[in-house]
Amino acid sequence: MSLKSDFMGEKSQIILQQVKEGEVSAYRAGDLVLTVSDEDAARVQQISHVSADVVEQLPFTEEIGEPSLVPFKDRTGVVFVGSGHNGNVEVVDSLIKDIMPLLCARIPNVTLHLVGSPKWIKMAQGKPCVHGTGEVDSVLPFLQTSRVFLNPMVNMGSGISTKSFLALAHGLPIVTTKHGLRGLCYKKRTCPGVSVGNDATTFAAEVEKLYTSEEIWQRASGDARKFAQENISVESVAKKESRLKGMLRSLGMAGCAKANSDGPSWLSRPNNWVGRL
């Protein structure tokens, strides 16, 4: 059941309004509101009318992977990585039903590898050009040997699409939808190394371009790594992290500011971790 249909009833609408009012009150009462994306920060300001000075985006980082030694000609297949939560089930369903039939017809011997959840094994059974890998010890082999990362996010939500960050950090070109850009490029709505297709036909066409042209792929891969290094590496967010920790100390939250002072960014994870991708 979708979120929209779940809140159709009058009683549910009242509860939803109460939750919204509670959230807005919390935003207004706080000395500092932390969000995980520019979009969320803008939305908080829009609904609560708090000053931009008290809304800050937490930096998210990925460990930037070493350049893969596998050249374009030796790479094969496309890949999706994600855990089995409902949002990803919708994505995988769209990949299997809407996108892969088009790619199968356009690209000889192409295979979609679904990685990260046992659900993908069942969903892939009997489907042409689709292989359900399920849980793995590390996603790195797939990132280092595939040609394109597919992330056709279906629904708008909050937060960030961390799987897009993961692919960029390994120089793997991405094809996604406008929803998959969350947290990456809020102002421009475009990102180096990322192609966008908001319907199945356009999406498949973007994948085909990357998959079949070494020149286009090499350029996108280089752009992806450069963007990741400049925007989501530990080094690139160090200055912002330091400023946020200073703000927490000024609010008497020195313990929070100290928590990871010598470790990785607050919003980071090992690059072989699927978690809530």
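Only the coordinates and a few stated rules stand behind these numbers; no lab work does. Because the structure is a prediction, the values reported are computed rather than measured. Note that we place each Cβ from the backbone using ideal geometry, even for glycine, and neighbour counts take in every protein chain shown.
3J(HN,Hα) along segment 135-141: 6, 9, 5, 8, 8, 4, x Hz, from the Karplus curve 6.51 cos²θ - 1.76 cosθ + 1.60 with θ = phi - 60°, whole Hz, x for Gly and Pro. Karplus-derived 3J(HN,Hα) values for segment 30-42, using 6.51 cos²θ - 1.76 cosθ + 1.60 with θ = phi - 60°, are x, 6, 8, 10, 9, 10, 9, 8, 4, 4, 5, 4, 5 Hz; glycine and proline are entered as x. Taking a Cβ cut-off of under 9 Å around G183, the surrounding Lys, Arg, Asp and Glu residues balance to a net charge of -2, with basic ones at +1 and acidic ones at -1. Listed cross-link partners K178/K209; K20/K178; K163/K226; K97/K122 are compared with a 22 Å cut-off, the Cα-Cα value being larger for K20/K178. Have a look at N86, L102, N231 and report the one farthest towards the positive end of the charge dipole of segment 72-231, computed about the Cα centre with Cβ charges (Lys/Arg +1, Asp/Glu -1). My answer, from the dipole projection, is N231.
On alpha carbon coordinates alone, what is the Rg over Rh value for segment 51-97, Rh being the Kirkwood radius? A ratio of 1.17. Computed over the Cα atoms of segment 72-231, pair by distinct pair, the Kirkwood hydrodynamic radius stands at 15.4 angstrom.
Note down the net charge around V207, summing +1 for each Lys or Arg and -1 for each Asp or Glu among other residues with Cβ under 11 Å from its Cβ. That works out to +1. Taking a ≥ b ≥ c as the square roots of the eigenvalues of the alpha carbon gyration tensor, segment 163-238 is oblate, as a/c is not under 1.5 and a/b does not beat b/c. Spin-label model, F72 to K226: label points 7 Å out along the Cα-to-beta-carbon direction sit 1.6 nm apart. 3J(HN,Hα) along segment 98-105: 9, 9, 5, x, 5, 5, 4, 6 Hz, from the Karplus curve 6.51 cos²θ - 1.76 cosθ + 1.60 with θ = phi - 60°, whole Hz, x for Gly and Pro.
How far apart, in nm, are two points set 7 Å out from the Cα along the Cα-to-Cβ line at H49 and at D98? Here the answer is 3.8 nm between the modelled labels.
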